[in-house]
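Colleague: Pasting a structure here, questions to come.
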Amino acid sequence: MMAVLPSLALALLCLLRAGAEVPVQPGFDTEKFAGTWHIVAAVSNCSEFLKMKDMMKSSIITISFTPEGDLSMKVVWPLPDRCQKIERLLQRSGQAGHYMGTSAQEKRDLRVMETDYSCYAIVHEVKQSGRETSTGMQLLTREQDVSPQLLQKFKELIPTMGLTKDMLAVLPKTGECQ
Ligand SMILES: *[C@@H]1O[C@H](CO)[C@@H](O)[C@H](O)[C@H]1NC(C)=O
């Protein structure tokens, strides 16, 4: 126990410091952010993601907020043989635009880095699952199409989060799983 506590404190410091570098959209407005988005690009150093990313397609995410300000998301991922639905509730942290989720298998820390609400959003996520902590970002758009300028903006953020461009997946459009 004596040995665990100091290292735990250090781990917390790392988390806090890492978190401090990730910006959150100032004045984040949940009402304007709610609704349907397309996940058109994703970058992550999560080992499962890196194995699967070339097979992944654009998916739909529906976001709503509880009266307490918690974030509820429903994601539908098109897999080769079916539509995989994922539902998740993330609790509001001290700040709007910053959410946390804890389940038996994993911990997530999600921040909406920036959004204009009507066209795009860039979301940052740290996932801790077992011993692996991974970092990722997703580019969300209201329409399924993504402009080259927006994709370029997203690509430029990749190295600033300690990730590399080979971890990027630009997800092809699909008409499945609407
Ligand atoms: C992912 O990148 C973050 C930030 O550079 C790093 O802290 C983390 O250990 C990396 N995780 C994996 C699984 O490579």
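Values quoted throughout were computed directly from the atomic coordinates according to the rules given, and no laboratory measurement underlies them. All values reported here derive from a predicted model rather than from experimental measurement. Neighbour counts are summed over all protein chains in view; Cβ atoms, including those assigned to glycine, are modelled from backbone coordinates with ideal geometry.
Colleague: For a quick size check, give me the Cα extents of region 114-158 along its three principal axes, largest first, whole Å.
Modeller: Projected onto its principal axes, the Cα set of region 114-158 covers 37, 19, 17 Å.
Colleague: Using a 10 angstrom cutoff on alpha carbons, build the Gaussian network for the chain and name the most mobile of Arg88, Arg131, Arg142.
Modeller: Result for the chain, Cα springs under 10 Å: Arg131 fluctuates most.
Colleague: Express the Stokes-Einstein translational diffusion coefficient of region 80-119 in µm² s⁻¹, to the nearest whole number, given a Kirkwood radius over alpha-carbon pairs, 37 °C and a viscosity of 0.692 mPa s. The partial results should precede the final answer.
Modeller: On the way: Rh = 12.4 Å.
So the translational diffusion coefficient is about 265 µm²/s.
Colleague: Which residue fluctuates the most in the chain, going by a Gaussian network model with Cα springs under 10 Å, if the choices are Glu114, Glu125, Glu156?
Modeller: Glu156
Colleague: Quick one: divide the alpha-carbon radius of gyration of the chain by 2.2 N^0.38 Å and tell me what you get.
Modeller: Working: Rg = 16.4 Å, N = 178, 2.2 N^0.38 = 15.8 Å.
Dividing the Cα Rg of the chain by 2.2 N^0.38 Å gives 1.04.
Colleague: Mind putting a number on the dipole of the chain about its Cα centre? Charges go on the C-beta only, +1 for Lys and Arg and -1 for Asp and Glu, and I need it in Debye to the nearest 20. Please report the intermediate quantities before stating the final value.
Modeller: Working: 20 positive and 20 negative charges, 56 e Å.
With Lys and Arg at +1 and Asp and Glu at -1, about 260 debye.
Colleague: Helix 148-157 versus the longest principal axis of the chain: what is the Cα-based angle in degrees, 0 to 90, to the nearest 10?
Modeller: Its long axis makes an angle of about 10 degrees.
Colleague: Averaging sequence separations of C-alpha pairs under 8 Å and six or more residues apart, then dividing by the length of region 28-170, give the relative contact order as a whole percent. If you can, show how the numbers build up before the last one.
Modeller: Working: 282 pairs, mean separation 38.1, N = 143.
Worked out over region 28-170, it gives 27 percent.
Colleague: Scan around Thr174 for amide H atoms under 5 Å from its own, H built in the peptide plane at 1.01 Å from N, and keep only partners 5 or more places away or cross-chain.
Modeller: So Thr174 has HN proximity to Ser58.
Colleague: Using modelled amide H (1.01 Å from N, peptide plane; none on Pro or chain starts), what sits under 5 Å from the amide H of Leu163, excluding residues fewer than 5 places away?
Modeller: Hits under the 5 Å cutoff: none.
Colleague: If you don't mind, another one. Please order Met137, Met56 by the number of other Cβ within 10 Å, starting at the fewest. Spell out each step's value before the answer.
Modeller: Numbers: Met137 23, Met56 18.
Placing the least packed residue first, the sequence is Met56, Met137.
Colleague: Hey, in the GNM for the chain with a 10 angstrom Cα cutoff, which one of Leu150, Leu90, Leu110 fluctuates hardest?
Modeller: Of the options given, Leu150 has the highest mean-square fluctuation.
Colleague: Compute the acute angle (0 to 90°) between the alpha-carbon long axis of helix 4-20 and the principal axis of greatest extent of the alpha-carbon atoms of the chain; round to the nearest 10°.
Modeller: Relative to the chain, helix 4-20 is tipped by roughly 40 degrees.
Colleague: Karplus couplings for region 161-174 from phi (6.51 cos²θ - 1.76 cosθ + 1.60, θ = phi - 60°), rounded to Hz, Gly and Pro as x?
Modeller: Result, ordered by residue: 9, x, 10, 10, 5, 5, 8, 8, 10, 8, 7, x, 5, 8 Hz.
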